[in-house]
Protein chains: 2
Amino acid sequence: MDATEQSLRQSLSEKSSSVESQGNAVRALKASRAAKPEIDAAIDLLNKLKLEKSTVEKQLQSIITSSGNGSLNREAFRQAVVNTLERRLFYIPSFKIYRGVAGLFDYGPPGCAVKSNVLSFWRQHFILEENMLEVDCPCVTPEVVLKASGHVDKFTDLMVKDEKTGTCYRADHLLKDYCTDKVEKDLTISADKAAEFKDVLAVMEDYSPEELGAKLKEYGITAPDTKNPLSDPYPFNLMFQTSIGPSGLIPGYMRPETAQGIFVNFKDLYYYNGRKLPFAAAQIGQAFRNEISPRQGLLRVREFTLAEIEHFVDPENKSHPKFPDVSKLEFLMFPREEQMSGQSAKKLCIGEAVAKGTVNNETLGYFIGRVYLFLTRLGIDKERLRFRQHLANEMAHYAADCWDAEIESSYGWIECVGIADRSAYDLRAHSEKSGVALVAEEKYAEPKEVEKLVINPVKKELGLAFKGNQKNVVESLEAMNEKEAMEMKASLESKGEVEFYVCTLEKNVIIKKNMVSISKEKKKEHRRVFTPSVIEPSFGIGRIIYCLYEHCFSTRPSKAGDEQLNVFRFPPLVAPIKCTVFPLVQNQQFEEATKVISKELTSVGISHKIDITGTSIGKRYARTDELGVPFAITVDSDTSVTIRERDSKDQVRVSLEEAASVVSSVAEGKMTWQDVWARFPHHSSAAADE
Amino acid sequence: MDATEQSLRQSLSEKSSSVESQGNAVRALKASRAAKPEIDAAIDLLNKLKLEKSTVEKQLQSIITSSGNGSLNREAFRQAVVNTLERRLFYIPSFKIYRGVAGLFDYGPPGCAVKSNVLSFWRQHFILEENMLEVDCPCVTPEVVLKASGHVDKFTDLMVKDEKTGTCYRADHLLKDYCTDKVEKDLTISADKAAEFKDVLAVMEDYSPEELGAKLKEYGITAPDTKNPLSDPYPFNLMFQTSIGPSGLIPGYMRPETAQGIFVNFKDLYYYNGRKLPFAAAQIGQAFRNEISPRQGLLRVREFTLAEIEHFVDPENKSHPKFPDVSKLEFLMFPREEQMSGQSAKKLCIGEAVAKGTVNNETLGYFIGRVYLFLTRLGIDKERLRFRQHLANEMAHYAADCWDAEIESSYGWIECVGIADRSAYDLRAHSEKSGVALVAEEKYAEPKEVEKLVINPVKKELGLAFKGNQKNVVESLEAMNEKEAMEMKASLESKGEVEFYVCTLEKNVIIKKNMVSISKEKKKEHRRVFTPSVIEPSFGIGRIIYCLYEHCFSTRPSKAGDEQLNVFRFPPLVAPIKCTVFPLVQNQQFEEATKVISKELTSVGISHKIDITGTSIGKRYARTDELGVPFAITVDSDTSVTIRERDSKDQVRVSLEEAASVVSSVAEGKMTWQDVWARFPHHSSAAADE
């Protein structure tokens, strides 16, 4: 049964990536917008793909319907996972007794334990193994910091309001839902119309508020709940605003990311690191985004835990000494080219991807490799994990390269980790706004003699000649590169004056010899001062955990075959509890033995639960499987016990004294279950118990 | 030198607790306000104590001044600690490059490591060892929750504004500063006046806004910075306010504590625990208080980490099965009686304190004991830790008993953990507001037959007789206790009517036989439904860490005697790094050996740093001492190394292979340094290195 399910799941995954490749075609279309002539051909292609998609979807539906073995389609699968998670308190909608608040969730006891395990492993895998400098900054952040970072001005979504009730909607969601509905469900529309809607879907992410508003009007889109008219779209800032101190005069926000706390501390951290590059700082903490209308359950929430790394590096040397440690790794990568040409993700070797320039540099490649190791060790299925490169129009203008670790879930491919080379943008922005130089320096072994271009505009003369335009002329003169400047110098010397184009004035002016002095000076330099580049791997911890739940969830029939039992196949590393201890029946002898084992488990640091309820061992196993507990010790004598492994349901007999150390070895990965299976006698009545 | 310093510090501590006992007299005075006749005598006593205080202070000053050995007074001591902490990036004022924001601090790398160690140990000591249910709720909290908890209405400080500039001040701080200044520095005031100011200091915490405003006016107190007139005091809510969602219609706050997240989840957690009491839930997370004017550095901040436990218990049975584990512990306790009678804290055995009723119940006593163990294992000096009971006027009306773990620091005795029996208050408040019953039940082994009083007012008759007063009469009738009701029944049966006092009407009315039926009915009850009591230990993690820094900080002279070196004597449990590894000189042989050791330390999970700078070993030890690293391995051969212990500066020689496991054993407490010292040859040239 497991195998059938497995194969169906795989099939689902393949179909989905086929559907996904159409999304890529859409992205490709967006990226090729500039080349208008190609757009019609592209739309044709898209139409064909859409048709194929609908065929694929029908096939998919038929596979699901025809398979009578209890396997689940995506929606139903998600519902099964979410029901189990909520019933066993992995999570709880926050403030439930007050009917909750959209986009806010609590972690209950097993959820907390999983989160704590994930964060411990993150700290081990990144901070400790890479000697990163951890910081912990407040969530409350004054406006000036987020003004410098660009969040105050640009961290927005476009919103429309129901003009009568005031209910708010994300403008792009309404347009997207409308067009998708038309394309997928309205059989009356013409091929031309269908093509138009598809075009809109392809390019809408780049719409200005005005363009988006015009489309909403054109299609007569109204408020979904009331059919009332909508306001024009306007940007809504996604930060939670507050005010610091009692006067109301210091505006502040709840941070939308943890990264800014690291950037503003760059100078101190650089000194702490002995003024050496590269080094990385890291932070784990809460971040806040006041989503307009949160969807997708645990994936799009208003408060979440981020773990972010800012790796500071010399822009002229982005090599990484430990790159060879990961360079042989192979995993699914989805470079820009493949997305543009409608292909799907492929297994690539990260070493080759860097060598070929597909990945911009070694440091970026190193982190991609480390992220792959981190996620797969947690239990993310490597077949449902890919690294997708941002298309040119997805990246900020300053970014050198960006890759997202995307994990496939029932919601599709979900961005869980972003790994971006953000160049010097952030440090420069804070240097400018704060006036504190956030720079590093390289001392030369020997002083270097450098020739420097010196352009000195004579402001007095320029002022007399250009009055109010003087500033524009000065700036243009100072902005000349070496070639331009030396040509001007030659002309001025030979002719006494020269025509000069001032781009900010959009015209030529006449520059005379007395208006500027241009020279080259030789200087000895002892050091190079520069703004470091930053490579930022940023982890959405809640998203990773949710995807992990989906990847680890499975069902199997009960012994009687009358019901499906849920199992979370968590690796011991993340399992909320490593071991349960069951006295077979309640008597003093077994109780004493249970105490001995419990004490020893505590002393070797293995978290465990004792279940003394009188229900059958089979029921107790089922309960423990649903929490993802990998090992169970059943106490049925005072000299030896059985240890049962969750996934195989195999059981071995081990002496009372050895039980804790065997569980500890296999839970901590010092031994595999195969080793245990080979070493200890098998428990014959295993099957009878379940 | 260490000994001298130690003795001076102890002396400081004693003097301070003497001064402190006057504070207790002040508290006692406050508590005795109702008994006005006693107040004069009390003020006399206070005056005497104040005189003694000034003598004590002068002696203290003279001790400090006369001791020429570099020991430090409180202010200077604090400055030395804080300088070291800031220089080594234990903490950083947040957003420093933008001139910071009062009351917000970052943890830098060693600070993060200490915090992470403290929280891990907290999780181990409380959550794992006590099988608590951990939850993790959002910081963003809708108003309705904090309305129910009372925070929206009552979580305020009284504030005044400079009427011209708008600058805000805490009203009580201004009055306190004024009176303290008068009493301590103004030699011209009469004894009567002095007594008055002292009286104000004693009782001001209970002033209404009007009383406080009247005092400020009476004394002509103006804005400290400008001397401008002040506004009347008005309550300022200390929560950071925000708005959830885009409409602006869901007001919210950043939570001021984590406890409410647990209370609103009570029902789910009770089910999760198999509907059994007692159980405890716990949460670690950020909390926010928008202080009017933060003082006291790291102790009074606007954002901080709380770790809170809510232990739910049957109000009729507050025993604790594990109480015997702590009952023999002895530590400084400061019961209400001792504070009222001006005595100081005394060593008491917690078992006896519970037996005598000094501590209200076993569960409260158990947590006091566990908190004592937690704090002292972290490295808090047990002589500078006391448990102070709240006076009657400090406790909320619903609280059964409260004890604060107070730690002595350079700022005086600081409340770091509050341990309160809050009765059923919180669960009842949320039950009422949400309409969801937050209750537990006890199933009787056998159904119990109970006789129940049934009072049925006949509303029609009462309405005819009392018209608009009917409701008051009905409520008074229903509120009768059994004795009153049975007396009324008898009178009605014998006389047909009876006089009845309705307290809300403040008069007697005549109740006739037809207006009410009173009976006793027998019922079988299968279970008892009740609201659990909650016992809440609440830990201010940042305050504990700061006090730990002060308790672990010391100085010792350098070998040359020309400077004082700083040492943080952290226990290995909390030390930010457990071990440093120093190759004596830079060569390939030592580098290889260093790599071997580093790899082994990693494999046994010991965090460590390699210091390959070329400076002298002595300098490297000094650097490492200032971070509180307990062990250093110096690599001076490829077969054996030295291990040096920070506090004793003792060194032993250990083979290369054994080094990591020795450090690991002693860092994890499996072996003491004495064991190591006894087992391995001593390194003879130890002294020469420093």
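In this simple spin-label approximation, A:ASP225 and B:GLN588 carry label points 7 Å from Cα along the Cα→Cβ vector, and these lie 7.4 nm apart. For chain A, the mean residue ellipticity at 222 nm estimated from helices alone is -12500 deg cm²/dmol, where every DSSP H run of n ≥ 4 contributes -39500 (n - 2.57) and the total is divided by all residues, rounded to the nearest 500. Toward the positive end of the charge dipole of the protein assembly as shown, with +1 on the Cβ of Lys and Arg and -1 on the Cβ of Asp and Glu, the farthest Cα among A:HIS173, A:LEU584, A:VAL629 is that of A:HIS173. Long hydrophobic helices in chain A: the complete DSSP H runs spanning 27 Å or more by Cα along their own axis with mean Kyte-Doolittle hydropathy of at least -0.5 are A:39-66. At R0 = 41 Å, how high is the FRET efficiency between B:GLU451 and B:LYS507 if r is their beta carbon distance? Nearest 0.05 is fine. In this case the efficiency is close to 0.80. Within the range B:145-179, whose backbone N sits under 18 Å from a point 7 Å along Cα→Cβ of B:GLU210? Hits in the range B:145-179 for B:GLU210 at 18 Å: B:158-159.
For the range B:214-262, with all protein chains in place and a probe radius of 1.4 Å, 58% of the accessible heavy-atom surface sits on carbon or sulfur.
Extending 7 Å from the Cα toward the beta-carbon at both A:ASN317 and A:TYR271 defines two label points whose distance is 2.4 nm. Within the straight-line cut-off of under 26 Å between alpha carbons, the lysines reachable from B:LYS227 are B:LYS161, B:LYS164, B:LYS176, B:LYS182, B:LYS185, B:LYS193, B:LYS198, B:LYS215, B:LYS217, sequence neighbours fewer than 8 places apart in one chain being disregarded.
Each peptide in B:632-643, A:504-515 gets a packing score, the mean of other Cβ atoms within 10 Å over its residues, and the list from highest to lowest is B:632-643, A:504-515. The lysine pair tally for the range A:523-657, using Cα distances under 19 Å and a gap of 8 or more places or different chains, is 12.
Take each residue in B:138-146, count the other chain C-beta atoms within 10 Å of its C-beta, and the mean is 6. Under 22 Å from the Cα of A:LYS513, which lysines turn up, not counting those fewer than eight places away in the same chain? The reachable lysines, counting only those whose Cα sits under 22 Å from A:LYS513, are A:LYS452, A:LYS459, A:LYS460, A:LYS467, A:LYS471, A:LYS483, A:LYS489, A:LYS495.
Charges were assigned to the Cβ only: +1 to each Lys and Arg, -1 to each Asp and Glu. The resulting dipole of the protein assembly as shown about its Cα centre is roughly 920 debye. With the charge dipole of the protein assembly as shown set up from +1 on Lys and Arg Cβ and -1 on Asp and Glu Cβ about the Cα centre, the Cα lying farthest toward the positive end among the listed residues A:LEU477, B:VAL641, B:ALA420 is that of A:LEU477. Inter-chain Cβ neighbour count for A:284-293, averaged per residue, equals 3 (cutoff 10 Å, partner chain atoms only). Across the identical copies, the label point of B:GLN564 (7 Å from Cα in the Cβ direction) is separated from its matches by 7.1 nm, in order from shortest.
For chain A, the solvent-accessible area works out to 45 Å² per residue, with a probe of 1.4 Å and every protein chain left in place.
Of the residues B:PHE95, B:VAL81, B:PRO246, the one whose Cα sits farthest towards the positive end of the charge dipole of the protein assembly as shown is B:PRO246 (charges of +1 on Lys and Arg Cβ, -1 on Asp and Glu Cβ, taken about the Cα centre). Distance from the A-onto-B rotation axis is smallest for the Cβ of the chain A residue given, in whole Å, as A:THR242, 3. Label-to-label distances for B:THR180 across copies, nearest first, come out at 6.2 nm, using points 7 Å from Cα in the beta-carbon direction.
Candidate cross-link partners of A:LYS433 among the lysines, defined by an alpha-carbon separation under 16 Å and a same-chain spacing of 8 or more, comprise A:LYS147, A:LYS267, B:LYS96.
Label-point distances for B:GLU506 to the equivalent site in the other copies, using a point 7 angstrom along Cα→C-beta, read 8.4 nm when ranked shortest first. For peptide A:245-252, the mean count of partner chain Cβ atoms within 10 Å of a residue's Cβ comes to 6.
The values are calculated or read from the model by the stated rules, or taken from the named source; none is laboratory data. Keep in mind that this is a model prediction, so the values were computed, not measured. Note that each Cβ is placed from the backbone with ideal geometry, even for glycine, and that neighbours are counted across all protein chains shown. Surface areas here come from the heavy atoms of the whole protein model, side chains and all, with no ligands, DNA or RNA. Shrake-Rupley method; radii C 1.70, N 1.55, O 1.52, S 1.80 Å.
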